[in-house]
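The values are calculated or read from the model by the stated rules, or taken from the named source; none is laboratory data. Since the structure is predicted, the reported quantities are computational estimates derived from the model, not experimental observations. Note that we place each Cβ from the backbone using ideal geometry, even for glycine, and neighbour counts take in every protein chain shown. Quick note on the areas: whole protein, heavy atoms, side chains included, nothing else; ligands and nucleic acids left out. Shrake-Rupley method; radii C 1.70, N 1.55, O 1.52, S 1.80 Å.
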Amino acid sequence: MPGPIQSIERAAAVLRLLGSTDRPLGLNELAAALDLPRPTAHGIIRTLRDVGFVDQDVDSARYLLGAGLQELGRGGWDPHDLRAASMNWADSLAGSSGLAVQLGVVSFTAVRLVHHVFRPDGTPQRIRTGAEMPLHATALGKCLLAFAPVATPRTRDLDLHRWTGRTCVTVAALDAHLATARHRGWASDAGEFEAGTGGAAAPLRASGGVVVGAIGVAGPVEELFGLGGELRPKLAEQLLGASREISAVLASTP
Amino acid sequence: MVGERVVAAIDQGTTSTRCLLFNRAGRMLAVAQREHRQHYPAPGRAEHDAAEIWRNVTRIVPAALRSAGLEPSSLVGLGIANQRETTVIWNRHTGTPLARAITWQDTRTDGIVARLVDAGVAETVTALCGLPPATYFAGPRLRWLLDHVPGARAGAEAGDVLFGTMESWLIWWLTGGPDGGRHVTDVTNASRTMLMDIRTLEWSDVLLDVLDVPRSMLPEIRPNAEVYGTCTAVLPGVPVAGALGDQQAALVGQACFASGEVKCTYGTGAFLLMNTGHRLAESTHGLIPTVGYLFGEKPVYALEGAIAMTGSLVQWFRDSLGMIGTAAQIETLASTVPDNGGCYIVPAFSGLYSPRWHPDARGVMVGLTSFINRGHLARAVLEATGWQTREVVDAMNADSGVPVTRLKVDGGMTANHLLMQFVADVLDVPVERPLGSEAVSLGAAYAAGLAVGYWSDVEVLRSNWHRAAAWEPAMDAALRRREHDNWGRAVNRSYGWVQKPDDS
Ligand SMILES: Nc1ncnc2c1ncn2[C@@H]1O[C@H](COP(=O)(O)OP(=O)(O)OP(=O)(O)O)[C@@H](O)[C@H]1O
């Protein structure tokens, strides 16, 4: 095993020093306190700033601990913050697509709905916020498996229960679906959980590109997909547009 | 979308000002927003800088157009919705406010109101304007400004100083300011001043006399949908064609055009309005009769229940107690426990509004035991909004004789599904949220669009309303009764805390 990496030790020392006072520190002060050459200190502090662990005060050019550090210990996005940040765009997606819209996050081995907008056609519908659905058989779930591999179980550890004739019940079939999803940027469900009801879902990314949830549309399979089984192009555009707009909101919130 | 013409709305709110653009289907195309500073110079005082708010308007409107890729020439009109009862006076020659605007949450006029009541004029006032004398309304604030701001009364009498609520202030600036800006208000805002006769829809000499306000400083009262003037600033050439108080705007935005339809907007405070048609419904249960809207010849009236603290209690929980990082996280914290653990919070921070009207009440937290943790407190905060809604709905049922069978909701707190479910549970009726929770702005856009013929009539607007969510009641009846009873006992403990209004 290699020994400790000096630049990481030095970066940790810089963070400790900044955390030891409420006062922003200047570069010279930092270099002197840690007994580092000025260019070395400058390189470290700029890298820390670029990843969001250090902020630089615009007026004084001095440094302080960054908002990105608080985020680290928070254990991901609060699901209700996620809903609040998405609400406008979720409504707008339901309005433009004419379909129901759902937001999902990983909850152990399932996807949990954190938001639900009705299909805007006046038909009676039940609000499904809080419901859990299988990862392998839904668009939201497959989207999270494809784009948030760290937060989700490995496909071979999932219980690939057969919900309909179309459910992926082998690891190979599921992995192929996930590869397609990664390639196109969205995941789909052609009636794999509930026969006749399908969906499409795209990832929601917070700062650093980390996937924190998924947004999807749901409705009758024939409304979502063309005869060849491809998602209708307009719908794909609207879905990806909403995921991009929400991700921009998420990325701009520390 | 090229060539599509749209309507703009400005929502001048308590914490921020927003500009939204809507198309004919009522779909939002762009939004720009800016917060303004809240000034709390002393306990019970809350002020805004009206000049800052006007500056914000000059920034957000172009920003909204930019984000939609549109020019002012794409706009058929501009509508305004505003925080009601917030009062400003300014110099008509310079456009400078004589003092900071006194906001609707400010209670400094308790002395003025108490003296009105002592003088035995309360009944006269209520008979004319429909409102019980209260610190909530604009008239007593205007009186306070006339009494306390140097030069205000003399200036008003000389015709140099103008009074307005926020829509008056903005319309005056948009249409020219010191250079011929129109000094108007709309009937809904005027109906909240305690100065307007609610039947004739004109300033009442008796009420002006009671509050000792010079008529020369008052704006002209106009209907909600008409061209007040043409913008010379911000959107040159665009007609300013609609104005409504924010709660009436939400009534319109929620398409509550039939008698008996009800909406509740959950923001800083919560406001339930029921359309009562052309009939002015008097309240014997603590509600306020008010003008709903005036689009044609005859006004549509509404009954209103005003709850002072709902979202602001969540803000207090976040900012003053530091229990949560964001308002939305209260749902996460509340979900850590199955119920309130026996704890109740009555947020009478500035007294209780509808339907109880107890200015002497102050906030209480009861039922504390060592069992209670932060999760229970979070629940108690949310449940306070639910029970306050229930009290207003009960009063509405009693006053109108037509029971509320469903509640249309909008506003920032509708993001909270735990709360919306609780509201449905305690009311025992379904709660419904429309697609696009910007009912206030939409209502202002509707008014402006109706005025310029963009929409032909209110029936067209009704088809723009789509249900985005519904919460069905699911609480056991016995539990509902028990909890209701506990809430009532908690409220009783908040009464009579303030012993004498401050004399100022
Ligand atoms: N998820 C939530 N749960 C509980 N309360 C919330 C939630 N989201 C927002 N709020 C509360 O709702 C209020 C904001 O709602 P909204 O933006 O509708 O306010 P508003 O009264 O319209 O403000 P303004 O007058 O500035 O427009 C805040 O008081 C906030 O505490």
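Take the alpha-carbon centre of region B:316-381, take the same for region B:113-171, and report the distance between them in whole Å. Region B:316-381 and region B:113-171 have Cα centres separated by 34 Å. The HN-Hα couplings worked out from phi for region B:232-246 by the Karplus form 6.51 cos²θ - 1.76 cosθ + 1.60 (θ = phi - 60°) are 9, 10, 6, 10, x, x, 8, x, 8, 10, x, 8, 8, x, 4 Hz, whole numbers, x standing for Gly and Pro.
Under a 5 Å amide H cut-off, with hydrogens placed 1.01 Å from N, residue B:220 pairs with B:184, B:185 among residues at least 5 apart or on other chains. Residues of region A:169-206 with the amide nitrogen closer than 14 Å to a label point 7 Å from the Cα of residue A:230, along Cα-to-Cβ, please. A:184, by backbone N distance to the label point. A simple spin-label model places the labels of residue B:122 and residue A:10 7.6 nm from each other, with each point 7 Å out along Cα-to-Cβ. Ignoring solvent entirely, what values of log10 I(q)/I(0) come out of the Debye formula for the protein assembly as shown at 0.08, 0.09 Å⁻¹ when each Cα is a single scatterer? The computed values of log10 I(q)/I(0) come out as -0.72, -0.90.
Determine the sum of side-chain charges near residue B:367: Lys and Arg each +1, Asp and Glu each -1, restricted to other residues whose C-beta is under 11 angstrom from that of residue B:367. Around residue B:367, the surrounding residues sum to +2. Close amide H pairs (under 5 Å, H built 1.01 Å from N) link residue B:46 with B:103, B:106, B:107, residues at least 5 positions away or on another chain. Separation of region B:230-285 from region B:455-504 is 18 Å, based on Cα centroids. Compute, for residue B:147, the solvent-accessible surface of its heavy atoms (probe 1.4 Å) with the complete set of protein chains present, and express it in square angstrom to the nearest 10. That residue has around 70 Å² of solvent-accessible surface.
Here the peptides B:86-97, B:113-124, B:9-20 are ranked by packing, the mean other Cβ count within 10 Å, and the order with the highest first is B:9-20, B:86-97, B:113-124. Which far-off residues, 5 or more places away or on another chain, put their amide H under 5 Å from the one on residue A:54, with H placed in the peptide plane? It is A:49, A:66, by chain and number. Mean separation of Cα pairs under 8 Å and 6 or more residues apart, divided by the residue count, gives region A:24-142 a relative contact order of 15 percent.
In plain terms, the bigger the Kirkwood radius, the slower the diffusion; for chain B, with that radius from Cα pairs, at 37 °C and 0.692 mPa s, Stokes-Einstein puts D at 143 µm²/s.
Over all pairs of different C-alpha atoms, region B:80-175 has a mean inverse distance whose reciprocal, the Kirkwood radius, equals 14.1 Å. With the convex hull of the Cα atoms taken as the outline of region A:75-252, the averaged projected area works out to 9.5 nm². Remark: region B:490-498, residue by residue, has Karplus-estimated 3J(HN,Hα) of 5, 4, 4, 6, 8, 5, x, 6, 7 Hz, where x stands for each Gly or Pro and the curve is 6.51 cos²θ - 1.76 cosθ + 1.60 at θ = phi - 60°. Looking at region B:123-209, the pairs of alpha carbons with a distance over 22 Å make up 31% of the total. log10 I(q)/I(0), Debye, Cα-only region B:406-472, no solvent, q = 0.13, 0.18, 0.27 Å⁻¹? Log-scaled intensity ratios, in q order: -0.43, -0.70, -1.12. Note on residue B:475: accessible area is roughly 40 Å² with a 1.4 Å probe, heavy atoms of protein only. When the Cα atoms of region A:6-73 are aligned to their principal axes, the ranges along those axes come out at 30, 29, 21 Å in descending order. Expressed as a whole percent, the accessible surface of chain A that belongs to carbon and sulfur atoms is 56, based on a 1.4 Å probe. Longer than 29 Å from Cα to Cα, which of A:234/B:408; A:142/A:234; B:298/B:408 are they? Say none if no pair is. Checking Cα-Cα distances, A:234/B:408 exceed 29 Å.
Bridges between two residues of chain B, per DSSP, are antiparallel at a rate of about 70%.
The protection proxy used here, the mean number of other Cβ atoms lying within 10 Å of each residue, ranks peptides A:133-141, A:34-42 as follows, highest first: A:133-141, A:34-42.
Per residue, the solvent-accessible area of region A:75-252 (1.4 Å probe, heavy atoms of protein chains only, all protein chains present) comes to 42 Å². The mean count of C-beta atoms from other chains within 10 Å of the C-beta of residues in B:467-474, rounded to a whole number, is 5. In order along region A:48-56, phi translates into HN-Hα couplings of 4, 5, 5, 8, x, 7, 10, 10, 10 Hz, rounded to whole numbers, per the Karplus curve 6.51 cos²θ - 1.76 cosθ + 1.60 with θ = phi - 60° and x for Gly and Pro.
Using the Cβ-Cβ distance between residue B:148 and residue B:335 with R0 set to 45 Å, the FRET efficiency works out to roughly 0.40. Here each label is just a point 7 Å from Cα along the line to Cβ, and for residue A:107 and residue B:478 those points are 2.9 nm apart.
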